[in-house]
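Visitor: If you scroll down you'll find the structure; I have some questions about it.
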Amino acid sequence: MSDLHLLTVTELVARLTSGACSSVDAVQALIARKQATDGELHAYISLDEADALAQAQVADARRAGGDSAPLLGVPVGVKDLINVKGQPCSCGSKLLRPYTSPYDATAVARLREAGAVLCGRLNMDEFGMGSSNENSSYGPAYNPWDTARVPGGSSGGSAAAVAAESAFVCLGSDTGGSIRQPASFCGCVGLKPSYGRISRFGLTAYASSLDQIGSLSKSVADAATMLQVMAGWDERDSTSLDLEVPDYAAAMQQDLTGLKLGFPQAFFVEGIDPDVADAVNAAVEHCRELGAEIIDVQMPHIKYAVAAYYVVATAEASTNLARFDGVRYGDRREGGNPEQLASCTRAAGFGMEVKRRIILGTYVLSSGYYDAYYLRAQKVRSLIRKDFEQAFAQCDAILSPVAPTAAYPQGAKLADPLQMYLGDICTVPVNLAGLCGLSVPCGFTSEDMPVGLQIIGPAMGEEMLFRVGHQYEQATDWHTRRPGIGGAA
Amino acid sequence: MKQDLVPTVGLETHVQLNTQSKIWCACSTAFGCPPNTNVCPVCLGYPGALPVLNEEAIRKTVISGLLLECEINLRSKHDRKSYFYPDMPKNYQITQFDQPLCLGGGVDIEVDGVKKRIRLNRIHLEEDVGKNTHYDHGSGVDYNRAGTPLMEIVTEPDIASPEEAFAYLVALKQILSYGDVSGCNLEQGNMRCDVNSSVAPRGSDTLGVKTEIKNMNTFKGVRDALAHEIKRQIREVKGGGVIRQETRRWDDLAGQTASMRAKEYAHDYRYFPDPDLMPIVLTTEQVDAIRASLPELPAARRARYVSDLGLPEYDAGVLVADKAVADFFEATVDISGDAKTCSNFIMGELMRLLNEREVELVDTKLTPESLAGLVMLSNAKKVNNQGAKAIFEKIFDQGGDPEAIAQVEDLVVEAEDVIAPLIEQVIQEHSGPVADFKSGKAAALQFLVGQVMRLSRGKANPQAVSEELARKLGGK
């Protein structure tokens, strides 16, 4: 078996450019690696091998013709809720299993233009609703470090595949931590860009004011490459921002001398796993040694973030998911009349957690409850945004844990959704405030499960994430450690 | 119990804007295309598709607001209104809940010589839905219409009779046509009305329980349905019954309204701001620029026709009623320089033929150039009235140059030197009537004119002949 699958995107691009390997070689290596690992991991929902190889051949032909697009021939896995023309896009839901996407998401179109081979649909919590990937209608994905444990969610399949090297890089989406938390649980790099940085057009909406497309990768440099390709204004997304996209690769090279990094204690919630706290504290120390100044910043409203998040997100979701009625697409269940058609389709098609969140969201928007829930949650959101504004007046980036714990055993929190929701405490404030966040590997627990460090930057300040993340990564070797699954080299 | 019950009526009128593309996507708004041909992931509500607001739709709504004397909200937003129905692709409608684009305003009407202002509450911009068709074996949905920009124009409860409702709709249509914001084509469903009505004792402080008649698409239907519904409510109340708050449907054939569904449990639409769209922010400068480009409204135009063109009030009123006709009139006057003759042709021949043929001006071959040519031909007395009418019908049906038509059809009146001997001949041959005329019987002159016309085979100008005869015979 070739060892091409071990490469980062940066390394693969170098080999493709030099002619040391072809895109077809890379796709074949990936397929072989998937075959070796996915029986245990279930990271993929599907992978159309023939189509992937055909795309790779086209990429190789482009290269032979002198093309040198930045991702030419690089296989990219896609979380199953991002539309790729001609591919399924079930969103992990039973309801959308028969649906084939008629169009490319803007981020996908930009990847295509950059030469990427769009290869595989990655497992996820249904419609992005979950933190453990246990809410997939296809069955859970498993953590490559310990398959008895969850990979995190909702982009659990993407994180598991990247960590197990059955994908070079994957797209994920992050509404409340759905990229960063699984990245932390699986020991890879997870980037949630600022709201508006990447077009949401083609990303199946969970909570429109919080969703962002991002990447799960083996290195910070790969995350920067992916963002460079996907970022920028899109006329088809009114919430995308018309701002210059900086040169991320250049920003990454600057050292940490003179940087002020905020380290708020507010993220160290009660019940945090001491191993996680130790790893994060050590990482912060490491950043100090690399030349950064660590300062304390106050974030008094973080404690309300989870409550506000679950009101705002479910409210938006309750309407975003209303379109899945079986009339135009999806797994239709006939009823005697249109109302029953919709109701039967939804009853049969949605899983438990999705139903729970639709009901919750419907409730908080109901007449008479709107002010008490939705409006109040929006006020909390403003306060959290202000907390961050004040913090960023004093520092360049903020460091925190990604989650209070490392990956937990399958089923551990399934019966208690509230416990599961509380695990999102460190990540949801970033979405509520529209900021960017990066999860980078920073150590292991005593049970050898990976721990992530979260770097939070101001809105549109991804350069800072890459700078801190890359400098830290280059000074440590956490990111080079790989799980032993599938007979890893 | 005897009481004088009076109706209170308010209208919600949905007006489709005549933008080229839909409100959230680039799909065409063309009417009458095969089902589901003007659709895309956005207007079909596919997963991941996002709306982007059509700026032309904002502009046309602002134009409407200014023409209807509304206040333009410099900051408005769109909200989601949730309810399930198969014709609605997202199962929420994007509309404007608490911050509409336009507030207030009004429409002036006149019924039986009484002038009145119907105040508006608001105008908001929303999306139209698709269209359901029911067959024996099931139902079909056509989403071509889904996402057509729609203004909802809401009145205050200022309307007091079916006639006022009718007058309001006619005036509204006239203004919107002038603004070129909508096709205003009722057959194509460009204007659809929800009618709210209630009755209460005269002088009462509170309104009665209201009913709503949904989706009326003719003005006559609104008038008839309202007349029936008010009668029904009065009969109900006088008979000791109560009016239920409900939605009713107008059955045009049966000539009555019938209950559709009770509204006692008000639908909870769960409005909240649409997170996919940014608030609409307008500047005073933008609104002023639109204001500066507004077309002249019918009332102003009518006044100008009277003061500047010297037309009678009546002529001016008829001409401005339809913007297309008024525009055509002005273009014809610009070429011919004769407002009154243009007006006579338009009010006479044009209106008659439009009615007879049941067509609109755009459907005819008539151009300002051809009518102006006819006006000049007629003023130069090269054709007589009868000839002019014949030529008008030709240029109306087939187009063409009036002068050429006059030649081909042999309608040019004979020159004076051809007619003069004929007049002499008639005077010689009809001494009786000549004597009658001379002795004061004016009617005898008509006979003599007729004889000249006969001799000329209709190619004389009767008015000129009449004048010449009278001069020769020494009458007036």
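Each reported figure results from applying straightforward, stated rules to the coordinates on display, with no laboratory input. Source: prediction; values computed, not measured. Counting neighbours? That spans all protein chains shown, and the Cβs are built from the backbone with ideal geometry, glycine included.
Visitor: Grab every C-alpha pair in chain B, bin the distances at 10 angstrom width from 0 up to the longest one, and report whole percents.
Guide: For chain B, the pair-distance distribution reads 4, 15, 21, 21, 15, 10, 8, 5, 2, 0.
Visitor: What does DSSP give for segment B:5-287 in terms of the percent of beta bridges that are antiparallel, rounded to the nearest 5?
Guide: Values: 57 of 60 bridges.
Expressed as a percentage, antiparallel bridges in segment B:5-287 total about 95.
Visitor: Less than 29 Å apart at the alpha-carbon level, and either on another chain or at least 8 residues along: which lysines does that give for A:K218?
Guide: Here the lysines satisfying the reach criterion relative to A:K218 are A:K34, A:K79, A:K85, A:K192, A:K260, A:K413.
Visitor: Using only Cα atoms, locate the centre of segment A:73-95 and the centre of segment B:332-384, then give the distance between them in Å, rounded to an integer.
Guide: 65 Å
Visitor: How many percent of DSSP beta bridges within chain B run antiparallel, rounded to 5? Let's see the in-between values first.
Guide: Numbers: 57 of 60 bridges.
The antiparallel proportion sits near 95 percent.
Visitor: Which residues in segment B:412-436 have a backbone N closer than 17 Å to a point placed 7 Å from the Cα of B:N385 along the Cα-to-Cβ line?
Guide: B:413
Visitor: Straight-line reach from B:K210: which lysines have a Cα under 17 Å away, not including same-chain ones fewer than 8 places off?
Guide: B:K231, B:K238, B:K263
Visitor: In whole Å, what is the distance between the alpha-carbon centres of segment A:225-244 and segment B:185-212?
Guide: For segment A:225-244 versus segment B:185-212, the Cα centre distance is 48 Å.
Visitor: A further question follows. What per residue convex hull volume, in Å³, do the alpha-carbon atoms of segment B:5-287 yield?
Guide: Working: hull volume 43.1 nm³, N = 283.
Here the figure is 152 Å³ per residue.
Visitor: As an exercise, find the ratio Rg/Rh for segment B:416-473 from alpha-carbon atoms, using the Kirkwood inverse-distance average for Rh. Walk me through the numbers before you get to the answer.
Guide: Values: Rg = 10.2 Å, Rh = 11.0 Å.
In segment B:416-473, Rg relative to Rh is 0.92.
Visitor: To continue, here is another question. Sticking with the crude label model, points 7 Å out along Cα→Cβ, report the distance from B:A404 to A:A148 in nm, one decimal please.
Guide: 9.8 nm
Visitor: What FRET efficiency comes out for the pair B:Q428/B:K340, r = Cβ-Cβ distance, R0 = 35 Å, nearest 0.05?
Guide: Rounded to the nearest 0.05, the efficiency is 0.35.
Visitor: Suppose we flag GluC sites (Glu not before Pro) only when DSSP calls them loop and at most 16 other Cβ atoms lie within 10 Å. Which is the longest uninterrupted stretch of chain A? Before the final figure, lay out each step's value.
Guide: Numbers: sites that count: A:E235, A:E244, A:E270, A:E334, A:E447.
The answer is A:1-234.
Visitor: Extending each Cα 7 Å along its Cβ direction at B:A324 and B:Q286, get the distance between those two points in nm, one decimal.
Guide: Here the answer is 3.3 nm between the modelled labels.
Visitor: Obtain the nm distance between the two label points defined at A:E447 and B:K365 by a simple spin-label model: each point lies 7 Å from its Cα along the Cα-to-C-beta direction.
Guide: Calculated label separation equals 9.0 nm.
Visitor: Sequence gap at least 6, Cα distance under 8 Å: using those rules, report the relative contact order of segment B:298-408 to the nearest whole percent.
Guide: Numbers: 108 pairs, mean separation 24.2, N = 111.
Relative contact order, segment B:298-408: 22 percent.
Visitor: Defining a contact as two alpha carbons under 8 Å apart and six or more residues distant in sequence, what relative contact order in percent does chain B show? Walk me through the intermediate numbers first.
Guide: Details: 852 pairs, mean separation 63.8, N = 476.
It comes to 13 percent, rounded to a whole number.
Visitor: Taking every DSSP beta bridge with both residues inside chain A, roughly what % is antiparallel (nearest 5)?
Guide: Of those bridges, close to 75 percent are antiparallel.
Visitor: Please compute one quarter of the surface area of the Cα convex hull for segment A:331-489 and express it in square nanometres.
Guide: About 14.7 nm², averaged over all directions.
Visitor: List the longest stretch of chain B that has no exposed loop site; here a site is one of the chymotrypsin sites (Phe, Trp or Tyr not before Pro) assigned by DSSP to anything other than H, G, I, E or B, with at most 10 other Cβ within 10 Å. Can you show the working numbers first?
Guide: Numbers: sites that count: B:Y135, B:Y265.
Between exposed loop sites, the widest span is B:266-476.
Visitor: In a Debye calculation with equal point scatterers on the alpha-carbon sites of the protein assembly as shown and no solvent, what is log10 I(q)/I(0) at q = 0.05, 0.09 Å⁻¹?
Guide: -0.44, -0.98
Visitor: Once you have the alpha carbon radius of gyration of chain A, what is it after dividing by 2.2 N^0.38 Å, with N set to its residue count?
Guide: Scaled against compact globular proteins, the figure is 0.91.
Visitor: Can you work out the FRET efficiency for the pair B:S466 and B:A331, with r the C-beta to C-beta distance and R0 = 22 Å, to the nearest 0.05? Show your work: numbers first, answer last.
Guide: Working: r = 34 Å, r/R0 = 1.53.
Here the calculated transfer efficiency is 0.05.
Visitor: Check each of the trypsin sites (Lys or Arg not before Pro) in segment B:196-250 and keep only those in coil by DSSP with at most 15 other C-beta atoms within 10 angstrom; list them in order. Each step should come with its number before you reach the end.
Guide: Working: sites: B:R202, B:K210, B:K214, B:K220, B:R223, B:K231, B:R232, B:R235, B:K238, B:R244, B:R248, B:R249; in loops: B:R202, B:K210, B:R244.
When the trypsin sites (Lys or Arg not before Pro) of segment B:196-250 are filtered for loop state and at most 15 Cβ neighbours within 10 Å, B:R202, B:R244 remain.
Visitor: Give me the distance between the Cα centres of segment A:274-315 and segment A:163-208, rounded to whole Å.
Guide: Answer, in whole Å: 19.
Visitor: Longest exposed-loop-site-free stretch of chain B, with GluC sites (Glu not before Pro), DSSP loop and at most 10 other Cβ within 10 Å? Could you put the intermediate results ahead of the total?
Guide: Values: sites that count: B:E187, B:E264, B:E358.
The answer is B:1-186.
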